[in-house]
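The values are calculated or read from the model by the stated rules, or taken from the named source; none is laboratory data. As the structure is a computational prediction, the values presented were derived from the model and not from experiment. Cβ placement follows ideal geometry from the backbone for every residue including glycine, while neighbour counts extend to all protein chains displayed. Surface areas here come from the heavy atoms of the whole protein model, side chains and all, with no ligands, DNA or RNA. Shrake-Rupley method; radii C 1.70, N 1.55, O 1.52, S 1.80 Å.
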Amino acid sequence: MARIRLHHITKAYGDTVALDDISLDVAHGELLVLLGPSGCGKSTLLRVMAGLIHPDRGGVEVDGRDVTTLPPRQRNTAMVFQSYALYPHLSVRRNLGFGLRAHRRPRTEIEEKVADVAARLGLDRLLDRRPRELSGGQRQRVALGRAMVRDPAVFLMDEPLSNLDAQLRTATRMELAALHRSLDATFVYVTHDQVEAMTLGTRIAVLDGGRLQQVGTPAQIYDEPANVFVARFLGAPPMNLLPAVASSRDRRVLLEGAALSAVLWEGEVAERAVTVGVRPERLRIGGAGAAGARFRSRVVAVENLGNDEVAICQAAEERICVRGPRPLGLRAGENVELVASVDDLRLFDPASGRRMVWVPDACDNHKLPAGTVHDVR
Amino acid sequence: MFVEVEPLRGDLDTSVPISDDRSALRAGRRHRLTAVATPYMYLAPALICFALWVYWPLAQTFRLSFVRWNLLPTTPSVGVGLANYRHVLRLPQLQQAAETTGLYMVGLLALGVVLPALIAVVTQGLGSRAQAFYRSVLFLPVLISPVVAATLWSFLFAPNGGAVNSILGNVGVSPRNWLFDPTTAPLSLIVIAGWKVLGASILIVSAGLVNIGPEYYEAAALDGAGRLRRFTEITVPLLSPTLLFLLTTAVLVAEGQIMFPLIDTLTSGGPSRATTDIYYLLYSLGFTSFDVGLASAAAVVFFVAFAATAVPCLGLLERFSRYQD
Amino acid sequence: MFQVTPDPRTDSANPPPPPRRGGGRRDTTIARHAVLIAVGLLVVAPLVWLILAMFRAPRTLFSESLPFKPHLANLAHALSELPWSQLLLHTVTMAIGVSLGQLLSGLLAAYAFSCWQFRGQRLLMLVVIGTWLVPFQVTILPNYVLLSKLGLLNSVAGVIVPQLSSTFAVLLLRQHLKNFPSELIEAARIDGLSSWSILWRVVVPNLGPSLAALEILLFIGAWNEYLWPLIVYRSPDSVLQVGISHLLSVTDPDYGALLAAAGLATLPLLVLYLILQRRIVDAFVRSGLR
Ligand SMILES: Nc1ncnc2c1ncn2[C@@H]1O[C@H](COP(=O)(O)OP(=O)(O)OP(=O)(O)O)[C@@H](O)[C@H]1O
Ligand SMILES: [Mg+2]
């Protein structure tokens, strides 16, 4: 059992605030992915959970016990480092057994567990080698095995796949997912690779500048980004974002922008600025009469991704990308009208960057859908 | 109506405060205490040693500089205020010793920094085989203790049949008693000390040059920089930490550590105090005059002058090594 | 008809010839060798002189004739003039004790400086570096008084104790430890090691060669140390350096015996150097790079 709760964790290094008031609840058995750009505080947060760093403010709780000031050895956590941090002077066998020896377990138990883990990870024949005699993938396995041997309640992983080549990364990713399913442990996994985050995580926590941006399932994060940052951070290419003005005419809400126009749903709204977002793969190349949003643009370039093609277009002042199966049938220099259905549009408040949802006017304030906070009309 | 969504769907129940488990807290506090004390415990052996044999004696030197005492435990020391300092500043030997110190410093600067730097620069870029050979030869004087060097060179400088006299005799220089002639004795000591530091300094500058790496020169060559420009704009600035280190050791450390044993074993400060520098003056004041107060006051005066020279050097050195981290 | 697509490998152009190494500068290379050979001769000649003189007959000590019949009289004199077994025992004890003490205290201090952040860190670092500002000669008298109060005068222990920590060792090891991968230390903490065990089971095994090299440098320094023995243990049977300086200080020294003694006193270091040459020079050179 291990449920980890972080309460208002704050940590600063001099003037840089690495973690800013982070609260997070990780359920037992979860694989929580910490995702964010370089320098956003992922590793720092992981080290706080491991007990390698003490937060300036806030507390860490594991299964109801305050462990904020406990040293790492009393926390029953294991960690896999980005550089693997294998002990260069020890053989694989001794690397694997190191933690158990440090905890003064009996020799026979250590040998058994090491043999068991080595068999599971296919390391049997490498046990007497030194780390520098291993390939990158083998080192990664040893690092993983060193964590598994200890049977920890919590696995902390800091970009464990970032030093592997693309193919090995995919294979190891699947193995990690299988490992997570087979072990009764909580995983916290740091990455800045969104594919890893989407495929591995039961939930994803997106960080930026030491602040938590959004926590949710991969689908939630991708489909319902909480703000412009999350919308831009995920997706390849990321969500298209364009400025527009929302207003209503004849009891219908409309969007007007320099290169876009859309007829949305029934309702009344005072004229206001919004940011319109739409995923590149949700844009279609316009046909006549389709309802929804229309974007008038000119193709600048077409990129070939192998299976898909991405067309980069200029819509007034903004760049806008379309992604679809190859061939898209677009050529540079062409004028094109792109269409998206109303359901695929996401609207953001330009000032705060946060996503907005439409609440039908009949609905009164007491019955707001769960998760909404305040009226911004 | 548009409504902003709450960004955090963390299923987080922040309403329940972190559990108030006192025992865990207490255990934690103890750990924090030991964690705070740990680095100081690791520092203790070195710091105690420095405190006992450097800083405490330094403080004692200050204290003793205000008393009159003859080093005998049975006689009490008497406070005399600044009298010792007045005495020191009027010591006839002081000025001569200061001049000799300056002479030694210039000599060590020439033979321990400037000449080695020049040699290293003009010989830079030899193959690694050849370099390894020269390195192992140039290092040899480091193994030779100052006392052994003194022995060896007193033999070479011997007035009757010494190698120096006979070699110079071949080019028509009349034989001299190098170490017992007030004009040549200080220079002879500089030659010996220079012999001991020259090779080592060449090695260090050469390594510093290798450390600069060819890519800077290539970049500069692409920018169209000529030989001289490359030297003044790349070699000199990138080499300056190394040179500064040499300067600090050659001028500040070498005189106390190498020159002093040479003086003590070869000339005892003579002839007619021509080789007595400040270090040796202090030492002989302390152990021959039996005037502890006077010796201490001289030590304090010297310490202040020395620190005033050395602090800028060390400060620069620390700043440069910071850049390299 | 099927047509095989061309093999892309045959397509590639011939690899460009490897760039020529900057040759054609033979004369400057010769000039460089000439400079270094001249300096090398200057450095080595006195040592060669020393070794030759050791084996000359005492009467022909100052002659330069070569070759000559080796003579052992100088060595015999040297052996009879000094209490060698005492001197060697004292010197070896001192050199080992001092160098190991400096290595250990330096290692612990460097570990604290590079693996922790603590209050007063900069100040304590200044305290360490500041010892360089206090020349030995400034503190001679109080040190002498302190050592005599502790009853350490005229003993090897008295020579060892004041030298047990070295600023040079602290600074050099701090540099080494700063370059030590911090994730390795974190991994060991997660694995449950105390900081003390991390030092001995993770840091030291991986710093092995650097520590050995530094130990040898410190050993050479301690072997050649003259100042402290001069103050603490000033008798002909204390340590080698003091013993030789006693022979040298008489008005008309017996150069034959003296040179033989000097050669013998350096012999252990020369043997060490022959065995571990590259290591020692590397360590020395690196200690001078900032
Ligand atoms: N020991 C430290 N001293 C000073 N600043 C630090 C330290 N460790 C981290 N930081 C700063 O804290 C911020 C967060 O660092 P962190 O290592 O957690 O980033 P990260 O999200 O893991 O980035 P990456 O993806 O590049 O690993 C950065 O701005 C970094 O510069
Ligand atoms: Mg990181």
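Full extension of the chain segment joining residue A:83 with residue A:263 gains 59.6 nm, where the gain is 0.36 nm per residue of separation less the Cα-Cα distance. On a straight-distance basis, which lysines could pair with residue A:113 in a cross-link, Cα separation under 23 angstrom, same-chain partners fewer than 8 positions away excluded? Cross-link targets: none qualify.
Here's how it looks for residue C:238: its modeled amide H is under 5 Å from those of C:243, which are all 5 or more places away or on a different chain.
Legend: residues A:184, A:15, A:20, sorted from most to least accessible area (1.4 Å probe; ligands, DNA and RNA excluded), read A:15, A:184, A:20. Relative to one another, the C-alpha centroids of segment A:277-327 and segment A:78-94 are positioned 47 Å apart. Of the residues B:279, A:245, C:229, the one whose Cα sits farthest towards the positive end of the charge dipole of the protein assembly as shown is C:229 (charges of +1 on Lys and Arg Cβ, -1 on Asp and Glu Cβ, taken about the Cα centre).
Put a plus charge on the Cβ of each Lys and Arg, a minus charge on the Cβ of each Asp and Glu, and nothing anywhere else: the dipole of the protein assembly as shown about its Cα centre is then about 1840 debye.
Distances between placed amide hydrogens fall under 5 Å for residue A:213 paired with A:206, A:207, A:208, all partners being 5 or more residues away or on another chain.
Between residue B:240 and residue B:77, the simple spin-label model (points 7 angstrom out along Cα→Cβ) gives 4.4 nm. Would segment B:192-316 count as rounded, prolate or oblate if I go by the C-alpha gyration tensor, calling it rounded below 1.5 in a/c and otherwise prolate when a/b exceeds b/c, oblate otherwise? Prolate.
Springs join every pair of Cα atoms under 10 Å in this Gaussian network model of chain B, and among B:227, B:63, B:273 the largest mean-square fluctuation is at B:227. By the rule of a C-alpha distance below 15 Å, with chain neighbours fewer than 8 residues away ignored, the aspartates and glutamates paired with residue A:11 are A:20, A:21, A:56, A:208.
Think of segment C:200-290 as a dipole: +1 on every Lys or Arg Cβ, -1 on every Asp or Glu Cβ, centred on the Cα centre; then among C:277, C:210, C:251, C:210 lies furthest on the positive end.
In the elastic network of chain A, a GNM with C-alpha springs shorter than 10 Å, the most mobile of A:242, A:161, A:121 is A:121. Selection among C:37, B:288, A:23 by position relative to the dipole of the protein assembly as shown gives B:288 as farthest towards the positive end (Cβ unit charges, Cα centre). Rolling a 1.4 Å probe across all protein chains gives residue A:281 an accessible area of roughly 80 Å². With a 1.4 Å probe and every protein chain kept in, tell me what percent of the accessible surface of the protein assembly as shown is carbon plus sulfur. The value for the protein assembly as shown is 59 percent carbon and sulfur by accessible area. For segment A:240-373, the dipole from Cβ point charges (+1 on Lys and Arg, -1 on Asp and Glu) about the Cα centre works out to 200 debye, to the nearest 20. For the pair residue B:36 and residue B:63, a Förster radius of 25 Å applied to the C-beta separation gives a FRET efficiency near 0.15, rounded to the nearest 0.05.
Approximating the spin labels as points 7 Å out from Cα along Cα→Cβ, the residue A:273-to-residue B:99 distance works out to 8.2 nm. Surface analysis of the protein assembly as shown yields an accessible area of 46 Å² per residue, using protein heavy atoms and a 1.4 Å probe. Normalised by 2.2 N^0.38 Å, with N the number of residues, the alpha-carbon radius of gyration of segment B:87-320 equals 1.18.
Computed from the Cβ-Cβ distance with R0 of 56 Å, the FRET efficiency linking residue B:221 to residue A:166 stands at 0.90. Modelled spin labels at residue B:311 and residue B:288, positioned 7 Å past Cα toward Cβ, are 3.3 nm from each other.
Ranking of A:169, A:181, B:319 by solvent-accessible surface, largest first: A:181, B:319, A:169 (1.4 Å probe, protein heavy atoms only, all chains present). Taking every DSSP helix (H) stretch of at least 4 residues in chain A, weighting each as -39,500 (n - 2.57) and dividing the sum by the residue count yields a mean residue ellipticity at 222 nm of -7000 deg cm²/dmol. 3J(HN,Hα) along segment B:237-253: x, 6, 8, 4, x, 5, 5, 5, 4, 4, 4, 4, 6, 5, 8, 8, 8 Hz, from the Karplus curve 6.51 cos²θ - 1.76 cosθ + 1.60 with θ = phi - 60°, whole Hz, x for Gly and Pro. Both chains summed, the buried accessible area for A and C stands near 1700 Å², from protein heavy atoms and a 1.4 Å probe. For residue B:287, the accessible surface of its heavy atoms amounts to roughly 50 Å² (probe 1.4 Å, protein chains only, rounded to the nearest 10). Per-residue SASA remark: residue C:200, around 100 Å² accessible (1.4 Å probe; ligands, DNA and RNA not included).
Report the antiparallel proportion of the DSSP beta bridges in the protein assembly as shown as a percent, rounded to a multiple of 5. Antiparallel: roughly 80 percent of the beta bridges in the protein assembly as shown. When chain C is treated as a GNM with alpha-carbon contacts under 10 Å, the residue of C:210, C:235, C:63 showing the greatest mean-square fluctuation is C:63. Among rounded, prolate and oblate, which fits chain C when a ≥ b ≥ c are the square roots of the eigenvalues of its C-alpha gyration tensor, a/c under 1.5 means rounded, and a/b larger than b/c means prolate? In terms of gyration-tensor shape, oblate. The candidates B:164, B:301, A:190, A:263, arranged from most to least accessible area with a 1.4 Å probe in the full protein assembly, appear as A:263, B:301, B:164, A:190. Cβ-Cβ distance of residue A:202 and residue A:10, R₀ of 25 Å, FRET efficiency by 1/(1 + (r/R0)^6): the value works out to about 0.45.
Counting only Cα atoms, the protein assembly as shown measures 122, 81, 63 Å along its principal axes, largest extent leading. Pairing chain C with chain B buries about 8600 Å² of accessible area. This figure sums both sides and uses a 1.4 Å probe.
Taken one residue at a time, the phi angles of segment C:77-91 give Karplus couplings (6.51, -1.76, 1.60, θ = phi - 60°) of 4, 4, 5, 7, 7, 10, x, 4, 4, 4, 4, 5, 4, 4, 5 Hz. Gly and Pro are set to x. Charging the Cβ of each Asp and Glu at -1 and of each Lys and Arg at +1, and nothing else, the dipole of segment C:105-289 about its Cα centre rounds to 580 debye. Contact residues in segment A:200-219 (at least 10 Å² less accessible area with all protein chains than alone, 1.4 Å probe): A:203, A:212, A:213, A:214, A:215.
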